[in-house]
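Since the structure comes first, as structure tokens, the remarks are kept for the end.
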Amino acid sequence: MIQGDHLDVQNVSPSPAAYARLYSSVDNEYAQNEYQNTTAETENYANEKTPLLGASFINELQNVDVIKTKSRDRSGSDTSSSTSSEGLSIWTLSREQKIIIATTSFVDLLMFLSISIMAPFFPEEALSKGVSDTLSGWIFGTSPFVQFLVSPFIGKLIPHTGVKFMFLAGMFLFSGCTVLFGALTYVPTDHGNGAFIALAFCLQVFKSVGTACASTASFTLLIHTFPDNVSTMFGIGEIFVGIGLVSGPAIGGVLFGLGGFILPFVSVGGLAMLSIPLVAYSVPSSASELHTLPEDATSKSLPRGLLCQTGAFLICLCVVSSTVMWAILDPTLEPFLRKFKLSPEVIGVLFLVMAATYAASSPLWGWLSDKVSDERPLLILGFLGACLGSLLIGPSPLLGIAEGSSGLWLVIVALVIMGVSASLSSVPTFDMLLTVAQDSGFEDTTSTYSMVAGVWMSVYSLGDFIGPSVGGVLLDTVGFELMTTFSAGLCLFMAFILSLNWMLDWQCCKRCRNGDDNEVL
């Protein structure tokens, strides 16, 4: 204990936090030197002995209070002044912050409506024009694949164009392409369907680029506005993503019945197009100024610089695995449910179960992620839950359940578990990736925010592309039960890797506390 200018070192267990308090509270040259030496040794040990670890445990030596609150010191931002890591309340938000939340949520809803609205009727329309189901599936798969390719480059462009410009440009592109997609019904196929196929692919490509632009800019704007509540805001945004995915097929089916192929696309795309002036007026003008690049940040802001960090690579692997577990059911769940002889309406409701539970649980996991100092236990629980759900939905042969003894109730339970687990294993990753980037020396600027948003969107889209592609192949070769068993194995593998990473981190901290620290005290 500190008593005046002297130290009572009896019954005091040494820790890095004790060094930090000692260094800041007592003018003791010996203690300062020992603290600095121990910090350097800790960093060397982490780099040489535990390459999988991030820098979060080293920050405990240097920024003890920052680790506890997960607060980010961002000079020059006045939009985050009314929020802190102590809590986020609608009553404490400024008018500008409320507008940003409402605008980004509305755009998220429209984007995912435009993606999911075509699911119930496009394959039939394409088949009437001589397009096979396989080719229709590739048209669907174009969207996530293009977003995977372009999102990192968009993240690089945002610091030069400004967040507001990229946001509005993305809205214009995806809304215009959505309207034009509806006009494909008028493309003649008397002399072959080549023009229809080519235009469908082109419009999907450009719509995907617009979606990536708007999504990446939206994430960047939210990080800039709520730097201490990134996971909470991400969870809120996922509500509207889920609503778009859930309601899109139903809305698309109703509008298709009322006005044919063109009406769903004109309705959603037209609404997005008409809302551009309102969004341009609502988004604060300060967002246009989020494009300043530090002089020495150009080379450090490259996405490959972030992906070279082992911690960032592990987080990206978590995002891909979580998305694959979700997306693998898109082309495979309906054929599996045929054995229950359900009506199309009931099958549609079952598709909504997982998306609805994902959206409903996302705010909770976002809030909880902002409250803890280490999100890895949350990811571990999420992947373990996803493993359980994947084993139950088949059910897997590993469970020893006799074929035919499981009912529809087990499928519903499994979908609920998988929806909640997918949210838990996905929502914390965005803030984790941002933290790793900042711990790795990237500047706390818009350049870093947009880069992280672009990388996250890219790996998410990669999983969204791999899931349906691999799922269709596995369904045809090994069947639904073994396919979900492989998915469960992937989730279990990720839980093991995260647990190993967490344990190594804890062992490293324990060795540093109980090793050389004893020499000072």
Cα-based shape type of region 317-445, given that a ≥ b ≥ c are square roots of the gyration tensor eigenvalues and the cut on a/c is 1.5: prolate
Charge dipole (region 339-444, unit charges on Cβ, about Cα centre) - positive-most of Ala437, Pro363, Leu392: Leu392
Trp326 accessible area, assembled protein chains, probe 1.4 Å, Å²: 50
Global form of region 92-221, assessed from the alpha-carbon gyration tensor, a/c cut-off 1.5: prolate
Largest to smallest accessible area among Tyr460, Tyr186 [probe 1.4 Å]: Tyr186, Tyr460
Mean Cβ neighbour count within 10 Å, used as a protection proxy, ranking 329-342, 367-380 highest first: 367-380, 329-342
Overall form of region 443-505 per C-alpha gyration tensor (a/c, 1.5; a/b vs b/c): oblate
Å² per residue, accessible surface of region 418-491 at 1.4 Å: 26
Probe 1.4 Å, accessible area per residue of region 171-281, Å²: 36
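The values are calculated or read from the model by the stated rules, or taken from the named source; none is laboratory data. Keep in mind the model is a prediction, meaning the values are calculated, not measured. Positions of Cβ are generated from backbone atoms using ideal geometry, with glycine treated the same way; all protein chains shown enter the neighbour counts. We work out accessible area using only protein heavy atoms, side chains counted, and drop any ligands, DNA or RNA first. Shrake-Rupley method; radii C 1.70, N 1.55, O 1.52, S 1.80 Å.
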